[in-house]
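The values are calculated or read from the model by the stated rules, or taken from the named source; none is laboratory data. Just so we're clear, the structure is a prediction, and the values are computed from it rather than from any experiment. Cβ placement follows ideal geometry from the backbone for every residue including glycine, while neighbour counts extend to all protein chains displayed. Accessible surface is based on the protein model in full, side chains and every heavy atom, while ligands, DNA and RNA are left aside. Shrake-Rupley method; radii C 1.70, N 1.55, O 1.52, S 1.80 Å.
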Amino acid sequence: MIGTRTEKLAIDAQQAAIRPIPPYPGEFCNRLSGRVKKPLGEPFGLSNFGVNLTVLPPGGHSSLHHRHTHDQEFIYVLEGTPTLVSDEGEIELKPGMCAGFLPNGAAHHLENRAKLPAMIIEVGDRNKNDEVEYPLDDIAIRFQSDGSYAFYTKDGLPY
């Protein structure tokens, strides 16, 4: 559906389809259980950047601790008080706060340590040369020429 022209001009973001959690190997997937991510740009055929409405339940994580090699990322907190965990420390975010991440910058992820769900808008590039590094885990993502991605160990071995 990415890059496909549609007739939709507007949608109810809460009704957008849920994107399944990527099929991370083994124990990595468990850290993301409960996270709900709804792609908001795809119904309109947007392909240069991604936009997600993400809900983190109490105890939920947005992703594994990561950084991109080519993509820029931006988050905006709509509801709740997720904690931004980065190489530079931790910051409790509140509604109306935002954060941005440059390629090869600080590795980061969000954790919802509060008792209520957190809702975030995520925006990011879709650079075909991007790779994702996970400095705290023995895993990396490399995007393939066909647009798909594959998981590797830090030694370069496929999972």
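Among the residues of the stretch 69-82, what is the count of those that are surrounded by fewer than 18 Cβ atoms within 10 Å (Cβ to Cβ) and more than 11 Å from the chain's Cα centre (by Cα)? Step through it out loud before you land on a result.
First pass over the stretch 69-82, keeping only residues surrounded by fewer than 18 Cβ atoms within 10 Å (Cβ to Cβ): 69-70, 72, 74, 76, 78-79, 81.
Narrowing further to those that are more than 11 Å from the chain's Cα centre (by Cα): 69-70, 72, 76, 78-79, 81.
Summing the residues that are surrounded by fewer than 18 Cβ atoms within 10 Å (Cβ to Cβ) and more than 11 Å from the chain's Cα centre (by Cα) in the stretch 69-82 gives 7.
Take the residues in the stretch 135-146 that are within 12 Å of TYR159 (Cβ to Cβ) and assigned to a loop (DSSP other than H, G, I, E, B), then tell me which one is most open to solvent (accessible area, probe 1.4 Å).
Start the filter on the stretch 135-146 by keeping residues that are within 12 Å of TYR159 (Cβ to Cβ), which leaves 137-142.
Subsequent filtering for residues that are assigned to a loop (DSSP other than H, G, I, E, B) retains 137-139.
Details: ASP137: 19, ASP138: 75, ILE139: 1 Å².
Per the stated criteria, the residue is ASP138.
Just one of the numbered conditions (1) open to solvent by 60 Å² or more (accessible area, probe 1.4 Å); (2) part of a loop (DSSP other than H, G, I, E, B) is not true of ALA106; which one?
(1)
When LEU116 is evaluated against the numbered criteria (1) of a type in the set (A, V, I, L, M, F, W, C); (2) within 12 Å of the chain's Cα centre (by Cα); (3) exposed (fewer than 15 other Cβ atoms within 10 Å of the Cβ), which criterion, by number, is the only one it fails?
(2)
Could you please let me know if LYS94 is over 30 Å from GLY156 (Cβ atoms), in a loop (DSSP other than H, G, I, E, B) and open to solvent by 20 Å² or more (accessible area, probe 1.4 Å)?
Values: over 30 Å from GLY156 (Cβ atoms): yes; in a loop (DSSP other than H, G, I, E, B): yes; open to solvent by 20 Å² or more (accessible area, probe 1.4 Å): yes.
For LYS94, the condition - over 30 Å from GLY156 (Cβ atoms), in a loop (DSSP other than H, G, I, E, B) and open to solvent by 20 Å² or more (accessible area, probe 1.4 Å) - is met.
Would you pick out the residues in the stretch 29-68 that are surrounded by 16 or more Cβ atoms within 10 Å (Cβ to Cβ), among the hydroxyl-bearing types (Ser, Thr, Tyr) and either without any contact (Cβ under 8 Å) to a residue 40 or more places away in the chain or more than 13 Å from ILE121 (Cα to Cα) (or both)?
Within the stretch 29-68, just SER63 meets the criteria.
Determine which member of the set LEU32, LEU78, LEU46, LEU64 is under 30 Å from ASP138 (Cβ atoms) and in contact with a Gly (Cβ under 9 Å, 6 or more places away or on another chain). Let's see the steps before the verdict.
Values: LEU78 fails: under 30 Å from ASP138 (Cβ atoms); LEU46 fails: under 30 Å from ASP138 (Cβ atoms); LEU64 fails: in contact with a Gly (Cβ under 9 Å, 6 or more places away or on another chain).
Exactly one residue qualifies, and that residue is LEU32.
What number of residues within the stretch 116-134 are assigned to a strand (DSSP E or B) and either touching a His at 6+ places or on another chain (Cβ under 6 Å) or free of Cβ contacts under 8 Å to residues at least 60 places away in the same chain (or both)?
1
In the stretch 119-132, which residues are open to solvent by 30 Å² or more (accessible area, probe 1.4 Å) and more than 13 Å from the chain's Cα centre (by Cα)?
Residues satisfying the conditions are ASN127, LYS128, ASN129, GLU131.
Output the number of the condition that ALA150 fails; it satisfies all remaining conditions of (1) among the hydrophobic types (A, V, I, L, M, F, W, C); (2) within 18 Å of CYS29 (Cα to Cα); (3) in a loop (DSSP other than H, G, I, E, B).
The failed condition is (3).
Out of the residues in the stretch 150-159 that are without any contact (Cβ under 8 Å) to a residue 60 or more places away in the chain and not β-branched (Val, Ile, Thr), state the one that is surrounded by the most Cβ atoms within 10 Å (Cβ to Cβ). Before the answer, list the steps.
Of all residues in the stretch 150-159, those without any contact (Cβ under 8 Å) to a residue 60 or more places away in the chain come to 150, 152-158.
Now drop any that are not not β-branched (Val, Ile, Thr), which leaves 150, 152, 154-158.
Working: ALA150: 11, TYR152: 17, LYS154: 12, ASP155: 7, GLY156: 8, LEU157: 8, PRO158: 9.
Only one residue tops the list, namely TYR152.
From the list ARG113, ARG67, exactly one residue is basic (Lys, Arg) and not in a loop (DSSP other than H, G, I, E, B). Which is it? Break it down stepwise before answering.
Numbers: ARG113 fails: not in a loop (DSSP other than H, G, I, E, B).
Within the list ARG113, ARG67, the selection yields ARG67.
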